[in-house]
1. Let me have the relative contact order for chain B, percent, based on Cα pairs under 8 Å that are six or more residues apart.
2. Which of the peptides B:367-375, A:228-236 is most tightly packed, and how do the rest follow, judged by the mean count of other Cβ atoms within 10 Å per residue?
3. From the square roots a ≥ b ≥ c of the eigenvalues of the alpha-carbon gyration tensor of segment A:168-295, which class results: rounded (a/c under 1.5), prolate (a/b over b/c), or oblate?
4. Trypsin sites (Lys or Arg not before Pro) within segment A:235-294: which are DSSP loop residues with at most 10 other Cβ atoms inside 10 Å?
5. Is there a simple number for the mean count of other chain Cβ atoms within 10 Å of the Cβ of residues in B:315-324, and what is it?
6. Run through segment A:130-217 and list the trypsin sites (Lys or Arg not before Pro) located in a DSSP loop whose Cβ has at most 15 other Cβ atoms within 10 Å.
7. What residue among A:150, A:50, A:139 has the largest mean-square fluctuation in a Gaussian network model of chain A, using Cα springs under 10 Å?
8. Which three lengths, in whole Å and largest first, does segment B:416-531 cover when its Cα atoms are put on their principal axes?
Amino acid sequence: MSELVVGLEVPSRGSRLRAACGDFIRRRPLGAIGAAVILLMFAAALTAPLISPYDPVQVHFAAMLAPPSAEHWLGTDSFGRDVLSRLIYGSQTALIVGFGASLLGATIGALIGVASAYFGGRIDLLLQRFMDVLLSFPLIILALALVAILGNSIPNLIVAIMIPMVPRCALVIRSSALSIREMPYVDAARAAGFTHSRIILRHMLPNVMATYLVMLTAFLGQAILLEASLSFLGLGVQEPLPAWGLMLRGAAVEFAETAPWMAIFPGVAISLAVFAFNLFGDSLRDALDPRLRTQ
Amino acid sequence: MLNRINALFMLAVGIVMALVWPAMAQDKPRSGGELIFAVPSEPPSYDAHQEETFGVIHPVAPHYNTLLRTDPTDKTGTKPVGDLAESWTISSDQKTYTFKLRSGVKFHDGSDMTSKDVKASYDKIMKPPAGVKSLRAASYGAVESVETPDAHTIVFKLKWPESSFLLNLASPWNFIYKADILAKDPHWYEKNIMGTGPFLFVEHVRGSHWVGKKNPNYWDKGKPYLDSYRALFIKSSSAQVAAVRGERAHIQFRGFTPADRDSLVKALGNKITVQESPWDCVLMVNMHHDKKPFDDKRVRRALTLALDRYTASKNLSRIAIVQDVAGIQVPGTPWATPPEDLEKLAGYGRDINASRAEARKLLKEAGVPEGFSFTFKNRGVPQPYEPVGIWLIDQWKQIGLNVKQEIVEASAFHSMLKRGDFEVSMDFQCGFIVEPDLDIARFLAVSDANYGKHKDKVMDELYLKQARATSPEERKKYLRQFEKRLLDEEVHVFYTLQWHRIIPHNAKVRGWMVTPSHYLNQQLDTVWLAQ
C-alpha cells in the first residue's frame, strides 16, 4: 500500500520547474542560449555597483582613449571612462527602458485587444481604426516624433517606445481573444451576470497569456534596439548616463579609426542582447504554441 | 689657402642656394589655378549687411571690398588696414574720422566707386530704410553724421569717442555696394552681386556650388593670384574631411576637429598644412539669477571654482575644438587678460584642490546640501557642446553636485534661453573680430543676450568707460575691472574654454593666414596655389 502511495506522489513545484527548464534546454538549445544571455544581462544590471571596476561617469583624462589592457579590459573612451563599466551600467538602462516599454506596450495592447474582441461592434471598429492609424507610422518614426514632443528623459523614452508597440500587440491579442469570446465559459460568465471588466480580466485575459508572453519577449529586443537607436541619434538617454546607443555616437564615430573599441563593444552588446531576446522569444513561442509543441 | 677658403665658401653658398631656391620660388606668389573650398553652410541671402552666417562671407566676400579690413598677415585679426580707404586721420578729440579713398576703383559693371557709394552702404547699415534688415546697426550708435566732402573723401563724425570704431569699419560684413542700385532698390543686393572685389560672380547653384572668376580690372594690380574659386556647399563634416582627403577640395575655412586633423595628417602627410589659432568663440555657463539657489553669488562662484580649466585645456583639446584658458578676450590679442591677472580670478587658480575646498565651503554657507541636484541644459550640437557638457558635469560632481544634462535641439535652444527656461545652461558667443565692445556688450543688463537676468549697474558703467576710453592703458584698466566683476565678484556667467580653430588644408594653398575669426581673411585676393 505504502509503495502505491509513493508511486503516486505529486512532484513539487521546484522539481516541476527544473524539469520544465531541463526540457526547454534539451528541446530548444538556441532559446536556452538566449535565456542565458538575458540572465547574464540581468545579473550584470543588478550587481553593476559590485562588479563594475570603475565609476562609469568619472572622467579620467590620464586614461583617455586607452586600448584594452589588464587595467581596462575593454579600453576607455575619449574621457578616459572605462568602457566595460559603462557597458555594465548600460545594461541597466537597456533593461529599464526595454522592460518598461515592452511591458507597458504589451499590457496596454493586450487589454485593448481583448476589450475590442469582447465588445465587438462599434467599439471594436473604432479601436481597430485607431490602431490602424498608429500602425501606419513606421516604428522608429513614431518613436522619434514622440521623443521630440515629450522630451528625452527615461520615462518619456519608455512612453515613446511603448506607444508604437500597443497597436501591434492589440491586433495579435484581438485575433486570439475573438475565438475565446465564443467559448461557453465566457457565455456562462455573462449569464451569471459578471461585469465586463471581470469577464475581460478574469476569464479572457488569462487565456491569451501565451500570446501575450510571446509578444512581450519579441518587443523586448525591439525596445532595446529602439532605445539604442534613439540614444545614438541624440534623442534618447543623455550623457553622462551610460547607455549602449549613446556609447556609439559622438567620439566613438570620430575616433572609429584610432580607438575602434569605443564602438565595437557597445555594438556587440546591443546585437547580442537583441539576438538573445529574439532567440528566447522564438523558442518561447514554439514552446507555448500547441501546434508546434510536438515538433 | 685663401683661394681654397673662397672656393669652399662659394661651394657652400651654392649648396645652400640650391636647397633654398625651390622653397623661395614656392614662397613667391604664383598666378593661376582654381581654389576649391568646402562651405558647411549656404547663404540665406547675398546681402551681408543683414546676414550673420559665415555661409555668406565665405562664398560672397571675394566679390566685395570694405572700407577697412583686418591685416591679412596679422594672426590676431585685430589690426585695421585700408581696403577701399587709402589712408585716414583721426581728430585729437577722437570724434572725427576722415578717410581718403583709393582712386581708380571700379565696380564689376565698369562704373567708378566713389565716396557716395561708401556713404550709401553705411547709411543702409546704420539706418536701413523701412523693410530692410540691418543686423549691426546698433554697433554704430556713436555715429552722428557721415559726410562726403569730395568723391574720394568720407568723414565719420561721432557723438563720443569710441575705442572700437576703426575695427567696426573693418567689419567683414560691411560690403560696399553701389549707391545707384541701393537708391533704386535697397533689396537688390539680397539676390544679386555687384561689388568692387577681386573676383567677378559667375554662378551660384543652390545646394551645390558657387563660382567666382578673377577680376581683370581689380584696383590692386597683380591681384588676385587665383584665376577662379569654387565654393562647394557640403554640410556633412565627414564629407568635408573626405573632400580634403581626396584632394577634391583644398580647404574648408571654418575649422575641423582634432580627430579630423589627425586623420588628414595621417593620410596625407606633407601634402597637408595645419594652421591653428585660438577662436573668437567661447562656451560659457549661464545661471538664472531669479532661480534658487543660483540667485546666491556664493553658489555661482562655487560652480566656476569647481572647474579645473588647465587640466581640461590639455586634455579636452585632444577631442574637442577647445583649448585655451581665457578671460573675456581671445588670448594673444591686444585686450586679452595677462595670465598673472587671469589666475587671480575665481576658478582660474592653479591649485584646484584649494579652489574646490572653497567651492564646497561656499555651497555649505549658502545652504546647498551635498548631492544637490539640478538640470544643466546644453545645446544639441556635437562640437564642442557635448564634450564640454560632459566635462562640466564631471567637475561639478567633484564638489558634491549631482547634475543631470538635458539636451535641447539646436533650433530650439535660443528660444529656450530667451524664455529663461533653465536653471543653469550652456551659452555661446562667437565674434567676427576680437574687440571688447563687440564681445562683452552681451553682459549689459539691457542686452537681449542677458539670459540669466542679472542687473548690475556697476558693470554697465564699466562697459561705457572702457568703450569711451581715449588711451589703451585706461581701456585695459576698465576692462580688467569689468572682467573681475563679471567672472569673480558677481559671477553672473563664467567661461569654460576658448574654442580652438584648426584648419588642415592642402599644402598648395598659400597666402592665407588663420585668425581667431572664421569671418576674416575671406577676400581671397592674397591667396595663391603653389605647384
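Bear in mind that the values in this text are calculations on the coordinates, not laboratory data. All values derive from a computational prediction rather than experimental measurement. Using ideal geometry, Cβ is built from the backbone for each residue, glycine included, and neighbour counts are taken over all protein chains shown.
1. 22
2. A:228-236, B:367-375
3. prolate
4. When the trypsin sites (Lys or Arg not before Pro) of segment A:235-294 are filtered for loop state and at most 10 Cβ neighbours within 10 Å, A:291, A:293 remain.
5. Going residue by residue through B:315-324 and averaging, the value is 3.
6. In loop regions of segment A:130-217 (DSSP not H, G, I, E or B), there are no sparsely surrounded trypsin sites (Lys or Arg not before Pro).
7. Looking only at A:150, A:50, A:139, the largest GNM fluctuation is found for A:50.
8. Extents along the principal axes: 58, 40, 21 Å.
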